[in-house]
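The values are calculated or read from the model by the stated rules, or taken from the named source; none is laboratory data. These numbers come from a predicted model, not from an experiment. Please note: Cβ atoms are built from the backbone with ideal geometry, for glycine as well, and neighbour counts cover all protein chains shown. Protein only, heavy atoms only, side chains kept; ligands, DNA and RNA dropped before computing areas. Shrake-Rupley method; radii C 1.70, N 1.55, O 1.52, S 1.80 Å.
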Amino acid sequence: MPHPAQVKPLVLGVFAAMTIPRSSEGHLDIASFRRHICFLADKGITGFALNGATGEYCTASTEDFTQILKVAREKLGEQTTLIAGIGGASTLQSLRLLEIAERECADGVLLPMPHYFPYDQQDLSAFVEGIVSKASLPVLLYNLPSFTSPLAPATSARLIREFNQITGIKDSSGQLDTVRLLTEKLPGANRVIGNDSALYEALKQNLCDGVVSGVACVLPELMLSLYRACETNPASEEAVRLHDLLDQFIAWLTHFPVPWGLKIIAEERGLGPAVFPMPLSPDRVEDRRLFVDWFAKKRADLLASDSLAISTQ
């Protein structure tokens with residue numbers, strides 16, 4: 001594979017990080033999943049990340065993973081970019097998912113570090129090498145420090161430089177240190193923001209090629225319009241207004257595990273029932289009621305944006 005500087009970035013513009021709907025018994029809700037991805041495609045989203053943190057990947061079986069990839073490809077076609085998360089607690093788990101992603105025609109994979117135990121940078125480097133040495137698809141490193149050992153910026157840059165199969169990084173840290181380092185040292189690397197709260201500043205400083213956005217999963221209009229406005233002029237009144245709306249929405253999301261908050265809004269938009277992996281506490285029930293009330297009041301502003309597609313293939 002050519003070095004990242006010689007290939008088109010895998011992620012350009014706004015990609016949606018998908019929630020994965022389930023029934024109350026824990027089974028995949030494929031009807032809701034199909035409805036949701038088609039809704040987003042109709043709004044102009046042309047790239048999807050499946051089985052990442054937004055999709056609660058640690059709860060997915062290999063059968064679940066296979067099915068969502070198969071359904072997404074069948075429903076969205078070859079013109080849509082599908083990136084598959086292959087996160088696991090071990091090299092073997094991630095390799096099994098890599099094999100499925102390759103078989104089901106994903107366009108690339110997201111590789112988070114192994115979860116549960118803390119690891120040092122040498123451990124993470126050895127883990128990454130064990131995966132990418134067997135990968136035929138482009139690999140984006142996935143820095144997810146809320147749930148896995150963080151990749152240091154220097155480690156990320158070194159891995160991207162040393163392994164042609166690694167084309168860049170999705171950084172969900174909320175910090176810009178890694179994408180800034182890549183901009184300075186490896187300008188061909190695919191710099192992808194994975195934390196919606198960091199997107200505005202990354203665009204303002206010209207430090208990213210795109211975003212894999214959980215918010216875009218339920219508010220594609222907002223994220224596509226914000227991205228376009230920032231590309232044109234991040235200091236414009238429209239860009240600042242949209243950024244403020246995004247900040248307000250994110251503030252509400254922080255009342256919940258993020259996938260739960262996104263599922264609540266997906267339900268409000270008629271995309272499928274909000275089903276959670278455990279019962280809601282009384283405080284969560286009240287937070288949900290207040291969030292829904294806020295969304296009803298802000299809905300016109302959040303959805304009024306033009307949904308012209310930004311993602312490019």
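Some observations on this one:
- Output for the stretch 187-205, where each listed residue is among the hydrophobic types (A, V, I, L, M, F, W, C) and open to solvent by 20 Å² or more (accessible area, probe 1.4 Å): Leu203
- Residue list for the stretch 133-146, restricted to those being under 20 Å from the mean Cα position of the chain (by Cα) and either at pLDDT 95 or above or surrounded by 22 or more Cβ atoms within 10 Å (Cβ to Cβ) (or both): Leu137, Pro138, Val139, Leu140, Leu141, Tyr142, Asn143, Leu144, Pro145
- Within the stretch 157-182, considering residues that are assigned to a helix (DSSP H, G or I) and over 20 Å from Asp196 (Cβ atoms), the one most open to solvent (accessible area, probe 1.4 Å): Arg161
- Enumeration of residues in the stretch 26-43 that are touching a residue at least 24 places away in the same chain (Cβ under 8 Å), more than 16 Å from the chain's Cα centre (by Cα) and closer than 16 Å to Met223 by Cα: Phe39, Lys43
A quick yes/no check of all residues on (1) of a type in the set (Lys, Arg); (2) at pLDDT below 95; (3) within 20 Å of Phe48 (Cβ to Cβ); (4) touching a Lys or Arg at 6+ places or on another chain (Cβ under 8 Å):
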{"position": "Thr183", "(1), (2), (3), (4)": "no, no, no, yes"}
{"position": "Asp196", "(1), (2), (3), (4)": "no, no, yes, no"}
{"position": "Gln205", "(1), (2), (3), (4)": "no, no, no, yes"}
{"position": "Ala229", "(1), (2), (3), (4)": "no, no, no, no"}
{"position": "Glu238", "(1), (2), (3), (4)": "no, no, no, no"}
{"position": "Phe256", "(1), (2), (3), (4)": "no, no, no, yes"}
{"position": "Gly270", "(1), (2), (3), (4)": "no, no, yes, no"}
{"position": "Phe276", "(1), (2), (3), (4)": "no, no, no, yes"}
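- Of all residues in the stretch 236-250, those satisfying the criterion of being touching a residue at least 24 places away in the same chain (Cβ under 8 Å) and either under 18 Å from the mean Cα position of the chain (by Cα) or under 19 Å from Asn206 (Cα atoms) (or both) are Ala239, Leu242, His243, Leu246, Asp247, Phe249, Ile250.
- Residue list for the stretch 183-195, filter: out of contact with any helix residue (DSSP H, G or I) (no Cβ under 8 Å at 6 or more places or on another chain) and assigned to a helix (DSSP H, G or I): Thr183, Glu184
- Helices (runs of 4 or more DSSP H) lying entirely in the stretch 203-313 (those with 3 or more residues that are aliphatic (A, V, I, L, M) and touching a Ser or Thr at 6+ places or on another chain (Cβ under 6 Å)): 220-232
- Among the residues listed as Ala126, Ala53, the single one being open to solvent by 50 Å² or more (accessible area, probe 1.4 Å) and outside any strand (DSSP E or B): Ala126
- Scanning the stretch 229-242 for residues that are within 19 Å of Val192 (Cα to Cα) and surrounded by 21 or more Cβ atoms within 10 Å (Cβ to Cβ) yields a count of 2.
- Some residue of the stretch 284-300 being on the phi > 0 side of the Ramachandran plot, open to solvent by 40 Å² or more (accessible area, probe 1.4 Å) and not aliphatic (A, V, I, L, M): no
- Among the residues of the stretch 76-101, those identified as more than 19 Å from the chain's Cα centre (by Cα), at pLDDT 95 or above and not hydrophobic (A, V, I, L, M, F, W, C) are Ser90, Thr91, Gln93, Arg96, Glu99.
- Selection count where residues are open to solvent by less than 20 Å² (accessible area, probe 1.4 Å) and not in a helix (DSSP H, G or I), scope the stretch 68-121: 17
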